[in-house]
1. Which of 129, 305, 62 ends up with the largest GNM mean-square fluctuation for the chain, with Cα atoms connected below 10 Å?
2. In the stretch 39-108, how many lysine pairs have Cα atoms under 15 Å apart, counting only pairs 8 or more places apart or on different chains?
3. If the label point is 7 Å along Cα→Cβ of residue 42, which residues in the stretch 128-147 have backbone nitrogen under 20 Å from it?
4. Provide the descending list of Cα extents for the chain along its principal axes, expressed in whole angstroms.
5. Using the Karplus curve 6.51 cos²θ - 1.76 cosθ + 1.60 with θ = phi - 60°, work out ³J(HN,Hα) for each residue of the stretch 238-247 in order, rounded to whole Hz, and write x for Gly and Pro.
6. Determine the sum of side-chain charges near residue 247: Lys and Arg each +1, Asp and Glu each -1, restricted to other residues whose C-beta is under 11 angstrom from that of residue 247.
7. GNM, the chain, Cα, under 10 Å: largest mean-square fluctuation among 27, 109, 259?
8. Return the single residue from 54, 204, 189 with maximal mean-square fluctuation; model: Gaussian network over the chain, springs between Cα atoms under 10 Å.
Amino acid sequence: MAKIFIDPRARLVYASFYLKGLFEIYGEKNVKYSMKYFKDLKQNGNSFAFDQYFAFIVYENNKLYKIIVDYRDKIEINKEAYDWCDSYGKVNYNIIAIDKNDKKIIPIGPGFGIKIYGVSKTIYYCISNYIKCFLYLHVSARVFLSGYIWQLKRLPYSLYKPVSGDKNYLFFVSSLWDHANCIEKTNLFRATYIRYCKSIGIKFEGGIFAKPYQVEYSKYSDIVYSKYIMLVEYIKKVKVSTLSFNTPSVWDCHGWKLGEFLALGKAIISTPLSNEMPVPMTHGMNIHFVYDEDDLKKGIHKILNNDAYRQKLENGAYDYYNHHIKPEIVIKNLLSNVAVV
C-alpha cells in the first residue's frame, strides 16, 4: 500500500482541493503530514513559496516520487520546487514561461478551496503541523493560521454538484481589481456582462464588489453590489443561474470561478483563456468563447434562447470537469507523469 506524506507547510485552503484527490485515491488514513522528506525543499528568501505551491511524496514499492502542485496566479515556475520534484503540476501553465518540451511540468487547470476538515481536526492539524514545520517556515504564525481558518469557511466538496437551473434567472458577482490587466480587460468584460444582463428583461442578481477608495470605483459605481453574501448562498445562486460568465482574472490567471463553474456543470460563456488547460476546451461543446462586446451580447442571447445549446454546454462542462479537473484526476495525471499508476 502506498503511503503519502504532505509537506506540513502547505497553505491548507489552497492545497485542500488536491488533498481531497489524495484522500479519494489512497484513503485519508494513508495521508500523513511530515517534514521528514521536505527539509531539502528550501523556502528561504522566497516570499511567494508559501502561497505558490505545496509538495507531497508518494512512497510506493520502495520508491519515492516527489510531486509539486503550483497554484500561483502568475505563470512563473518556482525554481527550487522544480529542481526538487519529479512531477510539477501548474494551474496557470503558459508556454511563455515554460519550455514546451519540458515533460516534468503539466497543466492541471483550476481548482478551488474546499472544506476538508471539521473544527476539531482543523485545530489539531493547525497546531501539529505548525510544530512540525516552524523551524522551516518563513511566514508568520498568523499567516500560517489563516489558511486553516479560511479552509473552515469554504464548503464541503459534496456541495459542488450540478442542479437544474432557472432559465429565467441570472446571477453573477465578482470583485473589482486594480491590477493593470484587470483594468484593461477583466473589469471591462465583467461590467459589460452585468450591464447587458440587467438590460434584457430577465431577472438578474449581482454586480461588482468594490470599495469607494479603489481607482476605478466611479467607473463602475452603477453596478456595485454591496450586499453581504455567505458562500453557501453564493453557490446556491450560481447553481440555479442559467448562465455563468468567466474571464481571466488577476495576472490573467484561471480563477476559482472557472473551476467551480465546471464542477457545477454550468453553461459557461467566457473570454479566451490566457493559460492552458489540461486539454483545450472546445467552443460550442463545453464552453462558449467570446472576443469582444458585440460577441458577448450575441453569445448571451444564443445561450438564453436555445435550450438545446445551453444543455449541450452544461453537459460538456461537467464532462470536462470529470475527465480533466476533478481532484483525483489531477492527482492521477501528476502520478502518471512519473509512471506511478
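Computed from the coordinates by the stated procedures, all read-outs in this text should not be read as laboratory data. As the structure is a computational prediction, the values presented were derived from the model and not from experiment. Cβ atoms come from the backbone with ideal geometry, glycine included; neighbour counts cover every protein chain shown.
1. 62
2. Value for the stretch 39-108: 13.
3. 133-140
4. Extents along the principal axes: 62, 42, 39 Å.
5. Those phi angles translate into 4, 4, 8, 5, 6, 8, 10, 10, 10, 8 Hz.
6. +2
7. For the chain, modelled as a Gaussian network with Cα springs under 10 Å, the answer is 27.
8. Highest fluctuation among the options: 204.
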